[in-house]
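The values are calculated or read from the model by the stated rules, or taken from the named source; none is laboratory data. Computed from a predicted model, the values in this text were never measured in an experiment. Note that we place each Cβ from the backbone using ideal geometry, even for glycine, and neighbour counts take in every protein chain shown.
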There are 4 protein chains.
Amino acid sequence: MSNEAPAFSPEIAASIQTVRDDVARLHGELVRYGLVVWTGGNVSGRVPGADLFVIKPSGVSYDDLAPENMILCDLDGAVIPGTPGSDRSPSSDTAAHAYVYRHMPDVGGVVHTHSTFAVAWAARGEEIPCVITAMADEFGGPIPVGPFAIIGDDSIGRGIVQTLSGHRSRAVLMQNHGPFTIGADAKDAVKAAVMVEDVARTVHHAREAGPLIPIPQEAIDSLFARYQNVYGQNSDARR
Amino acid sequence: MSNEAPAFSPEIAASIQTVRDDVARLHGELVRYGLVVWTGGNVSGRVPGADLFVIKPSGVSYDDLAPENMILCDLDGAVIPGTPGSDRSPSSDTAAHAYVYRHMPDVGGVVHTHSTFAVAWAARGEEIPCVITAMADEFGGPIPVGPFAIIGDDSIGRGIVQTLSGHRSRAVLMQNHGPFTIGADAKDAVKAAVMVEDVARTVHHAREAGPLIPIPQEAIDSLFARYQNVYGQNSDARR
Amino acid sequence: MSNEAPAFSPEIAASIQTVRDDVARLHGELVRYGLVVWTGGNVSGRVPGADLFVIKPSGVSYDDLAPENMILCDLDGAVIPGTPGSDRSPSSDTAAHAYVYRHMPDVGGVVHTHSTFAVAWAARGEEIPCVITAMADEFGGPIPVGPFAIIGDDSIGRGIVQTLSGHRSRAVLMQNHGPFTIGADAKDAVKAAVMVEDVARTVHHAREAGPLIPIPQEAIDSLFARYQNVYGQNSDARR
Amino acid sequence: MSNEAPAFSPEIAASIQTVRDDVARLHGELVRYGLVVWTGGNVSGRVPGADLFVIKPSGVSYDDLAPENMILCDLDGAVIPGTPGSDRSPSSDTAAHAYVYRHMPDVGGVVHTHSTFAVAWAARGEEIPCVITAMADEFGGPIPVGPFAIIGDDSIGRGIVQTLSGHRSRAVLMQNHGPFTIGADAKDAVKAAVMVEDVARTVHHAREAGPLIPIPQEAIDSLFARYQNVYGQNSDARR
């Protein structure tokens with residue numbers, strides 16, 4: 001593999017820079033919402049119009065996450081040589097992110113954290129029931145659990161894709177591991193990571209004090225439909 | 001509907017600006033106390049002397065909530081055209097706020113959040129018992145639960161008004177949804193939102209470890225009466 | 001009562017200013033450790049060499065607590081007219097602080113909060129057992145519960161004094177109300193307020209997961225004796 | 001003992017300064033992650049190439065932890081006279097740190113905190129089971145409990161060394177007391193302190209809601225092996 005940077009078209013080069021900026025900045029949201037400690041957690045974003053994505057380097061402090069430290073990868077998870085950050089190793093979860101991008105073409109962003117309450121549900125292998133309207137809005141039903149899988153082959157990526165394909169939820173709780181979220185872009189996936197911890201925490205506390213009242217399925221359907229179409233400003237719904 | 005801004009009297013124009021400033025700034029209190037994530041939650045304030053209120057735009061980051069982004073509405077929840085912010089959609093909860101302002105003339109502020117412990121009680125449809133003196137001070141008794149209602153008609157607003165009319169509490173837990181609070185003005189409603197989460201969290205933890213000691217009704221009455229009349233500086237009691 | 005400021009000796013005037021500075025600044029520690037919301041909670045400090053103490057005004061935001069806003073009171077809790085801040089009402093808990101200063105001459109600081117876990121134990125009327133060494137260090141045994149008492153007469157102050165007189169603990173959980181702490185000065189009482197919430201939270205979580213291991217009484221005695229005498233720098237032990 | 005500073009070689013003097021800087025700065029991480037309150041908790045770092053370590057002074061505020069306030073000790077825990085900070089007393093846990101450095105030559109950093117959930121497990125004398133992959137990565141299995149021991153002789157240090165010698169875990173929960181962590185250097189030990197609280201909190205919440213799914217031992221072994229060798233950038237794995 002050559003060590004020279006590929007010659008990107010000006011449009012793609014501009015897209016790469018935008019995604020670098022977004023991915024670097026969005027890691028700050030993981031810190032702001034207390035979803036990560038130390039160097040854990042990672043955000044990636046697909047480069048529109050190219051078979052590329054940008055991801056966090058492995059084991060680097062959240063204080064050092066500048067755009068030029070983000071790492072550009074192809075959809076097999078290989079670092080693109082000669083590009084900024086390419087002297088570092090990408091996140092150890094890069095293979096899982098790459099698998100999602102290869103198999104879910106509509107996904108533009110992937111996030112992984114070990115946020116406390118989402119991991120707590122994952123350690124029991126228990127899906128989060130949809131008992132609050134904010135969860136119906138955002139996820140359209142329960143948050144599903146994915147299979148136990150460890151780093152080393154495609155099994156994490158495959159588990160994410162199999163669980164979320166055709167599912168309303170943009171979040172999966174990988175058993176004994178933690179949440180992975182997907183979205184239209186990196187920001188949308190980060191929002192899902194924030195919201196999955198929020199609902200994991202709320203439903204945890206709700207249930208420890210007594211039985212929960214279910215939401216009728218038709219109300220869940222109605223809330224989900226409205227939120228996807230109406231909420232927010234114009235075309236930027238859900239973000 | 002015309003696109004021109006209405007001609008407000010200088011007094012009303014000044015009031016609108018004051019409420020814009022207050023509502024924009026008070027959203028920061030929701031963040032400070034951890035009551036909201038991402039773009040969730042909303043504060044509104046009635047414009048004194050006019051059939052108008054100011055509310056947050058829908059789906060906009062808490063980092064972007066300047067006074068000129070707040071949206072001026074009439075008491076049917078319709079955006080006043082030609083005014084600052086009128087090119088954006090108001091909060092998706094605007095109809096509920098408007099319903100409260102139409103039916104409760106003494107209410108000058110409304111707040112809605114999905115704060116964790118208040119939502120946890122709401123997901124069980126359980127009122128919060130008044131077992132701590134701070135709650136007697138602030139709410140004069142238990143925090144009631146309102147009916148299950150979803151966005152799309154007047155049912156949320158109606159549920160808030162029916163539950164809180166004639167009730168001491170300025171907070172209602174809408175079932176499976178979350179708290180709405182009212183107040184003499186926006187700041188007073190924000191205080192109620194902060195306090196309802198505080199008591200929801202404290203009573204949750206108190207009860208998970210054993211039986212609670214009730215407060216005698218006459219002590220609750222006495223604390224509530226004192227707090228409404230004496231606490232704070234001069235006429236600004238309770239704020 | 002005259003409206004003119006009394007003529008303090010230069011030494012007392014300097015002491016008053018020092019206590020004003022300390023009390024104003026120490027309120028920031030209540031915020032830093034999440035012990036208070038909105039305008040709740042209060043710190044006071046005795047003026048050395050005078051029958052005076054300095055306390056927070058009632059219902060004023062933590063952002064506005066400058067030294068000149070603190071209020072100087074005599075040991076009956078009456079505001080000293082003509083002094084800075086004397087145009088405002090002192091904390092609604094002033095009578096309780098005054099009672100403590102009148103009856104416990106060694107106490108130089110008093111703090112009251114509604115911190116979450118301390119209030120949770122208070123709502124059950126349950127003392128916190130001494131099962132962690134940090135608690136043996138700081139409090140020398142369990143944190144006791146004081147009687148139910150409401151604002152309006154001396155009953156809160158009397159309950160604090162009766163519970164803490166001759167007790168190792170500098171903290172009391174007033175039933176259904178919350179913690180009051182005392183100390184050699186305001187800073188020492190604030191430290192006790194920080195530590196009582198810390199141990200209230202830790203022992204709460206410890207016990208919800210299974211039986212606690214007691215610490216032998218002789219170990220508690222030994223830890224308490226050492227901490228009072230050795231810990232910290234020189235004579236400033238425990239602060 | 002002379003009061004004159006020893007004459008260190010330039011290399012050792014430079015190492016001492018580096019460790020002073022690191023130890024002072026790393027205390028900030030304990031604050032950032034909410035592991036300590038008031039003046040509690042302490043970090044120390046061994047000086048490479050010398051029988052010396054640097055530790056926090058006793059009872060000093062986290063706001064005052066500059067490099068020149070850190071205290072240089074020999075491996076018996078005696079302060080080196082004439083060096084910066086030597087006019088103050090070192091942390092009351094200095095003897096335990098010194099014992100670890102004397103008996104575990106590969107340890108370059110030691111941290112002690114009273115972080116909430118780690119102490120909660122310690123108050124029950126219960127080890128934390130390895131049910132989440134982040135814990136397998138970082139600790140290679142359960143977090144063990146050490147014996148009850150109080151300050152005053154070598155029993156805390158001996159308990160740490162006996163529990164951790166030959167154990168994969170870099171963290172021990174000293175019964176009724178709290179976590180001590182070790183590492184290749186001070187930063188590595190601080191990371192272990194951050195992670196032990198993170199897993200203590202997550203597994204606490206996971207278990208309070210139902211049975212946990214164990215991770216197969218061979219998966220734990222595989223995750224631990226990978227993390228020690230691959231994670232992070234180059235040789236700086238795990239930091």
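Here are some notes:
- Qualifying residue in the stretch C:30-46 (condition: of a type in the set (S, T, N, Q), surrounded by 16 or more Cβ atoms within 10 Å (Cβ to Cβ) and in a strand (DSSP E or B)): yes
- Against the numbered list (1) within 11 Å of chain A (Cβ to nearest Cβ); (2) within 19 Å of residue B:7 (Cα to Cα); (3) touching a residue at least 60 places away in the same chain (Cβ under 8 Å), residue B:36 comes up short only at (2).
- Flag if residue C:134 is buried (at least 24 other Cβ atoms within 10 Å of the Cβ), over 18 Å from the mean Cα position of the chain (by Cα), part of a helix (DSSP H, G or I) and within 12 Å of another protein chain (Cβ to nearest Cβ): no
- Considering only residues in the stretch B:115-130 that are in a loop (DSSP other than H, G, I, E, B) and surrounded by fewer than 24 Cβ atoms within 10 Å (Cβ to Cβ), the one that is nearest to the other protein chains (Cβ to nearest Cβ) turns out to be B:125.
- Residue within the stretch D:88-111 that is surrounded by 20 or more Cβ atoms within 10 Å (Cβ to Cβ), of a type in the set (Phe, Trp, Tyr), farther than 30 Å from residue C:205 by Cα and touching a strand residue (DSSP E or B) at 6+ places or on another chain (Cβ under 9 Å) present: yes
- Any hit, the stretch D:166-183, residues being of a type in the set (Val, Ile, Thr) and free of Cβ contacts under 8 Å to residues at least 40 places away in the same chain: yes
- Test: residue in the stretch C:54-63 that is of a type in the set (Lys, Arg), closer than 22 Å to residue C:170 by Cα, surrounded by fewer than 21 Cβ atoms within 10 Å (Cβ to Cβ) and free of Cβ contacts under 8 Å to residues at least 60 places away in the same chain: no
- Restricting the stretch C:204-229 to residues that are facing another protein chain (nearest Cβ under 7 Å) and hydrophobic (A, V, I, L, M, F, W, C), the residue that is nearest to the chain's Cα centre (by Cα): C:223
- Residue C:107 satisfies every condition listed in (1) within 9 Å of another protein chain (Cβ to nearest Cβ); (2) within 14 Å of the chain's Cα centre (by Cα); (3) within 27 Å of residue C:67 (Cα to Cα) except (1).
- For the stretch C:137-190, residues that are among the β-branched types (Val, Ile, Thr) and not in a strand (DSSP E or B) total 6.
- Some residue of the stretch C:9-20 being closer than 30 Å to residue B:133 by Cα and either outside any strand (DSSP E or B) or touching a residue at least 60 places away in the same chain (Cβ under 8 Å) (or both): yes
- Taken together, the residues in the stretch D:146-173 that are under 27 Å from residue D:216 (Cα atoms) and touching a helix residue (DSSP H, G or I) at 6+ places or on another chain (Cβ under 7 Å) amount to 7.
- Among the residues examined, residue C:132 qualifies as farther than 17 Å from residue C:163 by Cβ, modelled with pLDDT of 95 or more and out of contact with any His (no Cβ under 6 Å at 6 or more places or on another chain).
- Of all residues assigned to the stretch D:208-223, none qualifies as being surrounded by fewer than 19 Cβ atoms within 10 Å (Cβ to Cβ), at pLDDT below 95 and not small (Gly, Ala, Ser).
- Restricting attention to the stretch B:163-193, the residues that are under 15 Å from the mean Cα position of the chain (by Cα) and under 23 Å from residue A:131 (Cα atoms) total 11.
- Test: residue in the stretch A:164-180 that is within 11 Å of chain B (Cβ to nearest Cβ) and either more than 30 Å from residue B:127 (Cβ to Cβ) or at pLDDT 95 or above (or both): no
- Residue match in the stretch A:1-20 (condition: in contact with a helix residue (DSSP H, G or I) (Cβ under 9 Å, 6 or more places away or on another chain) and of a type in the set (Asp, Glu)): no
- For the criterion of being under 29 Å from residue A:214 (Cβ atoms) and within 14 Å of chain A (Cβ to nearest Cβ), residue B:150 passes.
- Residues that are farther than 22 Å from residue B:88 by Cβ and at pLDDT below 90, drawn from the stretch A:224-237: none
- Criterion (under 24 Å from residue D:19 (Cα atoms), surrounded by fewer than 24 Cβ atoms within 10 Å (Cβ to Cβ) and more than 14 Å from chain A (Cβ to nearest Cβ)) met by exactly one of D:145, D:161: D:161
- Residues being part of a loop (DSSP other than H, G, I, E, B), more than 30 Å from residue A:158 (Cβ to Cβ) and within 11 Å of chain D (Cβ to nearest Cβ) - total across the stretch A:55-84: 1
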